[in-house]
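Q: Quick one: the structure is below, questions incoming.
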Amino acid sequence: NLSDDKGNEYFSDGISEELLNVLAKVPGLTVRGRSSGFFFKGKNTPVPEIGKQLGVTYVVQGSVRKAGNRVRISAQLIRAATDELVWSSGSLDRELQDIFAVQDEIAGLVAQQLQLKLGTTRVARVVNPEAYRLLLEGRNFFSQRNEDGFDRADAAFAAALKIDPNFAEVHTSMAQVA
């Protein structure tokens, strides 16, 4: 989080977590858990040392800057053993209203680069930002674990499916409410 407002830390953490979730779905790729990666957050540990401690071939790092309604995100894929920059997203500037699309875009780009390195051909699915927002909203309501929360979660999931009937994560979440 390179924003002036350190209260935006949750925002960069959310992007990191989404990236972990997407990368974990890449065939042939082993992704370390959230707590392992977040252990190095805010520390100035060299990438080869991170790679050694986690036993990984690649490290993904990046930054998030938020100013008003705009966000700038960058991500880099680094070969851990040599600290070699393999790929960079450059700076992705977006309106904050499209943040879920930006999360998906970055996660998809990194996953695609890793798949090229691993020789697989699966490409990340593009998700409608509003359907994704409704999925997250529904999950939030579901986590309240009360009747009102379940009803609101069900409504959010149903709205997401109207936008994208093939959105598998919504179907999975909706099944938990039933």
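Q: Quick check on my filter: what residues within region 19-39 are touching a helix residue (DSSP H, G or I) at 6+ places or on another chain (Cβ under 8 Å), more than 22 Å from ALA101 (Cα to Cα) and in a helix (DSSP H, G or I)?
A: Scanning region 19-39 gives SER36, GLY37, PHE38.
Q: Same structure again: Provide a single number: the residues in region 17-30 that are touching a residue at least 24 places away in the same chain (Cβ under 8 Å) and surrounded by 16 or more Cβ atoms within 10 Å (Cβ to Cβ).
A: The qualifying residues number 6.
Q: Also, I was wondering about something else. Which numbered condition trips up GLY90, out of (1) open to solvent by less than 80 Å² (accessible area, probe 1.4 Å); (2) in contact with a helix residue (DSSP H, G or I) (Cβ under 8 Å, 6 or more places away or on another chain); (3) assigned to a loop (DSSP other than H, G, I, E, B)?
A: Only one criterion is unmet by GLY90, namely (2).
Q: Of all residues in region 153-171, which are more than 20 Å from the chain's Cα centre (by Cα), open to solvent by less than 20 Å² (accessible area, probe 1.4 Å) and touching a residue at least 24 places away in the same chain (Cβ under 8 Å)?
A: Across region 153-171, the qualifying residue is only ALA153.
Q: Only residues that are open to solvent by 90 Å² or more (accessible area, probe 1.4 Å) and in a helix (DSSP H, G or I): list them for region 40-56, please.
A: LYS52, GLN53
Q: Could you grab the pairs with beta carbons closer than 7 Å, sequence gap of 6+ or different chains, first residue in region 41-59 and at positive phi, second one at pLDDT 90 or above?
A: none
Q: Additional query: Can you find even one residue in region 80-100 that is in contact with a strand residue (DSSP E or B) (Cβ under 8 Å, 6 or more places away or on another chain), at pLDDT 85 or above and of a type in the set (Asp, Glu)?
A: Looking through region 80-100, at least one residue is in contact with a strand residue (DSSP E or B) (Cβ under 8 Å, 6 or more places away or on another chain), at pLDDT 85 or above and of a type in the set (Asp, Glu).
Q: Yes or no: region 124-139 includes at least one residue that is of a type in the set (Phe, Trp, Tyr), at pLDDT below 90 and within 28 Å of VAL31 (Cβ to Cβ).
A: yes
Q: Is it the case that GLN113 is modelled with pLDDT under 70 and assigned to a helix (DSSP H, G or I)?
A: Considered against the rule, which asks whether it is modelled with pLDDT under 70 and assigned to a helix (DSSP H, G or I), GLN113 comes out as yes.
Q: Picking from GLY14, GLY37, GLY33, GLY68, which residue would you name as being open to solvent by 60 Å² or more (accessible area, probe 1.4 Å) and either more than 20 Å from the chain's Cα centre (by Cα) or not polar (S, T, N, Q) (or both)?
A: Residue meeting the stated conditions: GLY68.
The values are calculated or read from the model by the stated rules, or taken from the named source; none is laboratory data. Source: prediction; values computed, not measured. Every residue, glycine as well, gets a Cβ built from its backbone with ideal geometry; the counts of neighbours run over all protein chains shown. Side chains are part of the model used for accessible areas, which takes the heavy atoms of the whole protein and leaves out ligands, DNA and RNA. Shrake-Rupley method; radii C 1.70, N 1.55, O 1.52, S 1.80 Å.
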